[in-house]
Amino acid sequence: MTYCVGMKLNESLVFMSDTRTNAGVDNISRFRKLFTWQVPGERVIVLMTAGNLATTQAVVSLLEERTKAPSERRPSILEMPTMFQIARHVGDTLKDVIQSNAPTGQKADSTFNSTIILGGQVKDMPPRMFMIYPEGNFIEASDDTPFFQIGETKYGRPILVRAYDPAMSTEEAVKLLMVSFDSTIKANLSVGLPLDLQVVETNALRLGKSKRIEAEDPYYRQISSGWGEALKKAFDSLPPFRF
């Protein structure tokens, strides 16, 4: 399993993913699930994947190959005029890869299925973020749905729902995401460190700060221990229940 979150703020898009994949408790590996492309000053694109590893690697490889020789392998995500068209292209590519590997046809419960978070910005247009489903269709982040999760979503969602604010700083958003990921990692062994972080600042049109967060990262360890202590103090401060 995996866990990825894309968050839309007023000042940036923030993306975070884990790197753990497993095919049983005795077959655990690390694979990168966050991928980036950019043409500085013109566009920046970030993609995160969850689901069947072979499917997601095939999709990313196809997208990457088309950027190397766009005149011969059109269309390329580095040429398309809008993020919406890029999302449609990624969705079509995902659907085609799934169908090519599923001889009985595409099904919602197919073992070849994957889900993608795509975000970024094209020059003279606002930043946009999409969640793309195995069928190739997608939804876009909005004021009502300002962040997307894929993979093992349930354990890290409550803190995001309670604490998210579009006006928060990028640094505050990273802190919030670390709490969400720490909660998920503690509750589910199929999600694990290291974590990959990527920031895309609004109108910068280039990749922003990025970081790989290892288990020994001092700030992550401080967040992990501090959040547990803060929860206990908050619980103790609540009024007692009386029969």
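Kindly evaluate Phe241 against the criterion of being at pLDDT 95 or above and either surrounded by fewer than 12 Cβ atoms within 10 Å (Cβ to Cβ) or on the phi > 0 side of the Ramachandran plot (or both).
It is true that Phe241 is at pLDDT 95 or above and either surrounded by fewer than 12 Cβ atoms within 10 Å (Cβ to Cβ) or on the phi > 0 side of the Ramachandran plot (or both).
Can you name the residue in the stretch 150-174 that is among the aliphatic types (A, V, I, L, M) and surrounded by 12 or more Cβ atoms within 10 Å (Cβ to Cβ) and is also farthest from Leu13 (Cα to Cα) among such residues?
For the stretch 150-174, the residue satisfying everything is Ile159.
For Lys154, which of the numbered conditions (1) under 17 Å from the mean Cα position of the chain (by Cα); (2) more than 22 Å from Leu118 (Cβ to Cβ); (3) touching a residue at least 60 places away in the same chain (Cβ under 8 Å) fails to hold?
(3)
In the stretch 135-152, is there at least one residue being over 17 Å from Lys33 (Cβ atoms), assigned to a loop (DSSP other than H, G, I, E, B) and β-branched (Val, Ile, Thr)?
Taking every residue of the stretch 135-152 in turn, at least one turns out to be over 17 Å from Lys33 (Cβ atoms), assigned to a loop (DSSP other than H, G, I, E, B) and β-branched (Val, Ile, Thr).
Tell me which of these Phe148 doesn't satisfy, since it passes every other one: (1) more than 30 Å from Glu42 (Cα to Cα); (2) in contact with a Gly (Cβ under 9 Å, 6 or more places away or on another chain); (3) of a type in the set (Phe, Trp, Tyr).
Tallying (1) more than 30 Å from Glu42 (Cα to Cα); (2) in contact with a Gly (Cβ under 9 Å, 6 or more places away or on another chain); (3) of a type in the set (Phe, Trp, Tyr), Phe148 fails exactly one: (1).
Output the residue which, of all residues in the stretch 29-66 that are among the hydroxyl-bearing types (Ser, Thr, Tyr) and without any contact (Cβ under 8 Å) to a residue 24 or more places away in the chain, is nearest to Leu118 (Cα to Cα).
Among those residues, the one meeting the criterion is Ser61.
The values are calculated or read from the model by the stated rules, or taken from the named source; none is laboratory data. Predicted model, so just to flag it, every value in this text is computed and none were measured. Methodologically, a virtual Cβ is constructed for each residue, glycine included, from the backbone with ideal geometry; neighbour enumeration extends over all protein chains shown.
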